[in-house]
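What follows is one structure encoded as structure tokens, with my remarks underneath.
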Amino acid sequence: MPSITRNTKDWQAIDVAHHLHPFTDPKYFDSKAPLVVTRAQGSHVWDSDGRKILDGMAGLWCVNVGYGRQELIDASHRQMQELAYYNVFFQSATPPQIELSRVLAELTPGDLNHFFFTNSGSEANDTVIRMVRHFWEVEGKPEKHIFIGRTLGYHGSTVAATSLGGMQNMHDMGKSLLPGFEHVMHPHWYALGGDLGEEEFGVKAAQALEDKILELGAGNIAAFVAEPVQGAGGVIDPPKTYWPEIQRICRKYDILLVADEVICGFGRLGHWFGSEAYGIEPDLMPMAKGLSSGYLPIAAVAYSARMHKTLQRGGVFSHGYTYSGHPVSCAVALANIQLIKDEGLIEKVHNETAPYFRQRLEDVVAEHRLVGEVRGAGLLAGVQLVKDKQTRALFNADQNVAMKCRDHCLDGGLIMRAVGQSMVASPPLIITKDEIDELIAILLESLDRTAADLGIV
């Protein structure tokens with residue numbers, strides 16, 4: 001960007017005048033100015049006033065290797081000089097795209113050795129929809145077209161991906177829920193389990209899928225789609241009985257299983273992919289975010305040998321994007337994966353930082369008077385805010401308890417996200433134990449300030 005000198009108020013005024021922010025009520029900026037982020041390094045960002053802020057969300061669940069990594073900057077520069085762009089439409093390919101396919105095939109579980117490249121998780125899930133329906137048509141079963149997702153599932157914000165997800169507010173905007181998409185309950189024991197134990201509830205939540213299959217007819221169901229741990233829905237990790245039962249049901253009725261790894265992939269749960277953490281054997285696996293640590297837009301769909309054999313019989317695959325397999329994005333993704341390997345970040349998360357993070361959440365945050373539950377896995381965390389810890393009673397929605405806490409966190413130098421009546425965190429995989437302590441300390445202080453706002457002592 002050309003050198004431009006403006007002060008914070010100038011930046012904010014221009015932004016409010018010309019920019020519509022995603023998932024934000026435009027009226028919000030009538031009373032709150034946007035945060036203008038100007039630089040970043042490691043696990044921290046700096047705003048336009050020079051204030052240092054711990055990024056507890058890794059950008060938007062994505063900056064896994066942290067900010068300012070010269071290895072990724074250099075990879076982009078080298079590829080820009082050699083080949084800034086070429087498409088993969090004309091029976092053509094580029095070396096970075098070819099190499100990334102090979103490297104991903106070594107990392108993905110099972111026989112997910114084939115890839116289609118896109119630019120975002122939303123596009124990856126749109127691709128899943130078209131690919132799966134095409135698969136069943138080639139198999140001679142075009143009636144298998146319905147997708148089943150979960151309430152509070154998030155799979156992107158294009159019209160098709162919005163329909164795949166289970167966010168009611170997204171369906172309501174523009175009446176954008178397409179036909180051919182159904183949803184079953186999400187496996188959040190604390191909110192929905194009632195008097196059931198966690199393991200019993202896990203089976204019950206999975207049984208909701210079989211009930212829906214029997215209602216609609218197995219011969220009409222194309223696939224079940226779910227995140228290993230639900231991210232934007234509030235970081236909902238399922239009971240250990242859930243995924244084995246889901247997998248059994250999908251296999252029983254010959255329904256394709258799609259594990260959405262857009263958030264959970266590339267080390268977030270202490271494994272290359274969240275599917276490994278839960279023993280999931282998916283037929284398709286969309287991925288994005290951590291693939292390049294957010295340095296450049298890139299995403300992909302991994303799919304099985306079974307699907308590949310069928311697609312080979314299906315004629316022209318009439319689907320694609322101008323920037324599918326963009327050579328610079330692929331080069332950065334390759335450098336990002338190599339950096340994760342070289343620094344042993346998967347092992348570090350699994351063995352050191354994630355256990356420490358979870359211990360601090362359980363030992364300290366869970367004891368706070370506003371906290372009913374801490375949940376999550378790896379370096380994903382959800383903190384449920386409640387009015388009454390014993391009854392699990394929530395605050396009234398108009399009290400905006402999570403947004404109050406989020407604003408106090410930002411004032412204290414920490415970015416966390418408010419989801420419903422929960423606070424969620426997804427810090428960079430490079431976060432240190434000292435930075436985890438910093439995150440916990442600011443969160444606790446923010447919870448105290450939120451309690452004071454509510455008149456709770």
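We did not get these values from a lab; they are worked out from the coordinates using the rules stated. Fair warning: this is a prediction, and the values are worked out from it, not measured in the lab. With ideal geometry, Cβ positions are generated from the backbone for all residues, glycine too; neighbour counts draw on all protein chains shown.
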Legend entry - Among G231, A333, W189 - extreme Cα towards positive end, dipole of segment 71-342, charges at beta-carbon: A333
Legend entry - Subset of K348/K389; K175/K404; K240/K404; K144/K204; K204/K252; K9/K175 violating a 27 Å alpha-carbon distance limit: K348/K389; K175/K404; K240/K404; K9/K175
Legend entry - Relative contact order computed over the chain (Cα-Cα under 8 Å; 6+ residues apart), in percent: 20 percent
Inset, instruction - Quick one: check the C-alpha center-to-center distance for segment 110-169 versus segment 402-432, whole angstrom. - result: 30 Å
Legend entry - Taking the convex hull of Cα positions in segment 71-342, its mean projected area over all directions (nm²): 14.4 nm²
Legend entry - Amide H contacts under 5 Å for L414, placed H, 5+ residues apart: L54
Legend entry - Cβ-based exposure ranking for K309, K289, in which fewest neighbours within 10 Å come first: K309, K289
Inset, instruction - Could you list T391, T8 in order of exposure, starting from the residue whose Cβ has the fewest other Cβ atoms within 10 Å? - result: T391, T8
Inset, instruction - Taking the Cα centre of the chain as origin, sum charge times position over the Cβ atoms of Lys and Arg (+1) and Asp and Glu (-1), and report the length of that vector in debye to the nearest 20. - result: 660 debye
Legend entry - Debye, to nearest 20: dipole size of segment 247-362, +1 on Lys, Arg Cβ, -1 on Asp, Glu Cβ: 340 debye
Inset, instruction - Would you work out the charge dipole size for segment 71-342 about its Cα centre, treating the Cβ of every Lys and Arg as +1 and the Cβ of every Asp and Glu as -1, and quote it to the nearest 20 debye? - result: 580 debye
Inset, instruction - Give me the distance in nm between label points sitting 7 Å out from Cα along the Cα-to-Cβ direction at T432 and R51, one decimal. - result: 2.4 nm
Inset, instruction - For each of D237, D47, count neighbouring Cβ atoms within 10 Å of the residue's Cβ, then give the residues from fewest to most. - result: D47, D237
Inset, instruction - Just grab the label-to-label distance for T322 and R369, each label 7 Å out from Cα along the Cβ direction, in nm (one decimal). - result: 5.7 nm
Legend entry - Whole-Hz ³J(HN,Hα) from phi, Karplus 6.51 cos²θ - 1.76 cosθ + 1.60, for segment 280-292, glycine and proline x: 7, 10, x, 8, 9, 8, x, 9, 6, 5, x, 4, 10
Legend entry - Extension gain from D398 to L192, taking 0.36 nm per residue of separation minus the Cα-Cα distance: 72.0 nm
Legend entry - Theoretical ellipticity at 222 nm over the chain - DSSP helices of four or more residues, -39500 (n - 2.57) apiece, nearest 500: -11500 deg cm²/dmol
